[in-house]
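Here's the structure we're looking at; comments come further down.
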Amino acid sequence: MYKCYFGLLLCFFQHLIIAQQSDSLTQFKTNNFIQYLEDKDIGWTTFAGFDMAPTMGNFQKQIRIDIALTLKKLSLGMTYLSLFEVLEQYVIFPNIYRLNAKHGGIILGISIFQSKWINGYLNTAYHWGQMSWEDPLAKEHVFSSKSECIKPEFEIIIYPKFGLQLSIKVGYQQMIELDLPRINSADFSGLFYSLGLKINLSNEKY
Amino acid sequence: MKNINPFFLLILMGSCMFSNENLAPDQQTWDYALPNQFDLSDKEFLDLNEAILNNEFKNINALVIIKNDQLIFENYYLDQQREDLNKIDNATNVLTSIAIGMAIDDGYLISIETPIADLLPEYENELSTDSLKKIITIEHLLTHRSGLSWDEIVSEDDIKEMMNSDDWVKYVLGKALEAVPGVRYNFNSGASMILSKIIENLTNESLSAYIDRRLFKALEIKKWLWTTDPLGTTNAANGLHLTQLDFTKIGYLLLKNGLWKDQVILSKNWIYESTSLQHQPSYSYSMGYLWFQFTEDRVNSPYNSKRAFYIPGNTGYHLYINPEENLIVSIGAKNYFYGLFGPSYWLYLLIMDLHRDNL
């Protein structure tokens, strides 16, 4: 099902690309479309950075990318996370396997305060995907499990008047439905923080 | 900002798309644990692994250890893979012991003291060559004391000739009596062919079909291969092929007194009886019903848990069950020159050494 969400969002952005890359004959239409989005207070944001998330008793770095449409104070988009740091341990002793984690999902947000230099948002992400123990030599998944995660967070945007902004997030993630040997949902649940850059296009006023 | 082309972002997102393929979950009979969770030393087991890799124990190709219901060691060597089927050789014999227990549980058989002549009318001729053959019982076959002439340990001539004949059961039953049944021990894998035929006559299905229905399905053993003789009688002498983990499951069922996922597969009484000492033919081992036990011999005494039992396959497929330590050691090997007590046996002794050193 999540692939449908991704598909719809990608179609929308594809439409934007086509509009922006159109030749002069259609430039007028493109300008009209952008103007239309501005008039309706529709914009979009992207975030790229790292989550420092609880992973088996430590904080481990995860690559995180969010892309969202915004409407006034609200935003709706998709999020993607992937474990960045190599995490290996004995699973089937004496064999060592590498943990692989990839999640995608949706993220909902609302702007809760704005000031000259700082904006604040409350977001909630729900993502799902696959975690697996991988044989580092054979590059094969030895064990694999679906997993889901709910992730409420508080986000602060610094220097909001620029398109490129610094984003700091703090939140809590709760992993569910993880079924892998030697690890469980509790190993990936807890407080996390996040640091990255955000691009805010078309509706800077929110 | 309006003119920033978002194409690069889409490429970025596209590269992040992933497939949420659901790989078939591994059949997880046991949780995984490390030796150190049971006061054993990880390092010592890593050293052991290294020794096997260096072929210090000859031709070991699999080692699985279950401790306190958790899998603490599983590794494969010499190009062996987890899913590979291996011929467990004469370790196949114990499946007939289990099948006899199930036949009693199911009401097909009343007692192991039943003479085999009563159950094999089609072999009347072979059983008539000596009047004493008619007093051979199932129990005699289960304890390698049928009295039938048989050479398997020294020359393997009989097992080879049996396998070259058209009717293996006929070949075994046609052998002359060299001792009164029930008195003299003589290791005889061929006797399991007789038990295989008895199960077939009692249940109207082959031993392999019976074991599949009653045991393999319950234990979720899906991948197996069992050869037959030319007449289609299941080869209980040495014909079963299993993966190492499935071989281990059979030991685990016995360790758990026949209970598998809250279902009774084999009666506790039969397991106790069949794995208890019935007679001691050697200074180094005693026998149950086709299961071996350690004796109180000086050399073996450190390993002589009172209730431990095992089956040593000729080529090295050994299964050790130690209820007192809640331990199963399952070993696969391909050794053709060591007989029953070769490198797989030594490996078990070393594992018990590691076990006891850390207690």
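Miscellaneous remarks
- Residue tally, condition in contact with a Phe, Trp or Tyr (Cβ under 8 Å, 6 or more places away or on another chain) and more than 11 Å from chain A (Cβ to nearest Cβ), over segment B:36-70: 9
- All positions within segment A:157-206 that are away from every other protein chain (no Cβ under 14 Å), among the hydrophobic types (A, V, I, L, M, F, W, C) and surrounded by fewer than 19 Cβ atoms within 10 Å (Cβ to Cβ): A:158, A:166, A:168, A:170, A:176, A:186, A:191, A:195
- Residue list for segment B:103-128, filter: of a type in the set (Gly, Ala, Ser) and surrounded by fewer than 18 Cβ atoms within 10 Å (Cβ to Cβ): B:107, B:111, B:128
- Residue count, segment B:25-73 (criterion: buried (at least 20 other Cβ atoms within 10 Å of the Cβ) and part of a helix (DSSP H, G or I)): 4
- Checking residue A:56 against (1) at positive phi; (2) free of Cβ contacts under 8 Å to residues at least 12 places away in the same chain, the condition it does not meet: (2)
- Among all residues of segment A:129-151, there is none that is of a type in the set (Phe, Trp, Tyr), over 30 Å from residue B:36 (Cβ atoms) and part of a strand (DSSP E or B).
- Of the criteria (1) at pLDDT below 95; (2) of a type in the set (A, V, I, L, M, F, W, C); (3) more than 24 Å from residue B:228 (Cβ to Cβ), which one residue B:187 fails: (3)
- Residue list for segment B:103-160, restricted to those being among the polar types (S, T, N, Q) and in a loop (DSSP other than H, G, I, E, B): B:111, B:114, B:128, B:129, B:143, B:146, B:149, B:155
- For segment A:83-113, a residue qualifies if it is free of Cβ contacts under 8 Å to residues at least 60 places away in the same chain, under 22 Å from residue A:44 (Cβ atoms) and surrounded by 18 or more Cβ atoms within 10 Å (Cβ to Cβ), and the qualifying residues are A:103, A:107, A:109.
- Residue within segment B:79-102 that is surrounded by fewer than 20 Cβ atoms within 10 Å (Cβ to Cβ), at positive phi and either modelled with pLDDT under 95 or aliphatic (A, V, I, L, M) (or both) present: yes
- In this entry, residue A:60 is excluded by the filter for residues that are assigned to a strand (DSSP E or B) and loosely packed, with under 15 Cβ neighbours inside 10 Å.
- Apart from one condition, residue A:75 fits all of (1) within 14 Å of chain B (Cβ to nearest Cβ); (2) modelled with pLDDT under 95; (3) crowded, with 17+ Cβ neighbours inside 10 Å; the exception is (1).
- Selected residue (only one of B:137, B:203 is surrounded by fewer than 24 Cβ atoms within 10 Å (Cβ to Cβ), closer than 19 Å to residue B:100 by Cα and in contact with a Ser or Thr (Cβ under 7 Å, 6 or more places away or on another chain)): B:137
- Yes/no for residue B:170 being assigned to a loop (DSSP other than H, G, I, E, B), buried (at least 16 other Cβ atoms within 10 Å of the Cβ) and modelled with pLDDT of 95 or more: no
- Qualifying residue in segment B:14-29 (condition: at pLDDT 50 or above, under 21 Å from residue A:97 (Cα atoms) and facing chain A (nearest Cβ under 10 Å)): yes
- Residues in segment B:264-287 that are part of a loop (DSSP other than H, G, I, E, B) and either surrounded by 23 or more Cβ atoms within 10 Å (Cβ to Cβ) or among the aromatic types (Phe, Trp, Tyr) (or both): B:266, B:283.
- Residue A:186 in the same structural domain as residue A:66 (by TED's automatic domain parsing) and either part of a strand (DSSP E or B) or at pLDDT 90 or above (or both): yes
- Residue in segment B:272-279 that is hydroxyl-bearing (Ser, Thr, Tyr), modelled with pLDDT of 95 or more and more than 17 Å from residue B:311 (Cβ to Cβ) present: no
- Qualifying residue in segment A:139-156 (condition: among the acidic types (Asp, Glu), surrounded by 18 or more Cβ atoms within 10 Å (Cβ to Cβ) and at pLDDT 90 or above): yes
The values are calculated or read from the model by the stated rules, or taken from the named source; none is laboratory data. Just so you know, these numbers come straight off a predicted model, no measurement behind them. Here the Cβ is made from the backbone with ideal geometry for all residues, glycine too, and neighbour counts use every protein chain on show.
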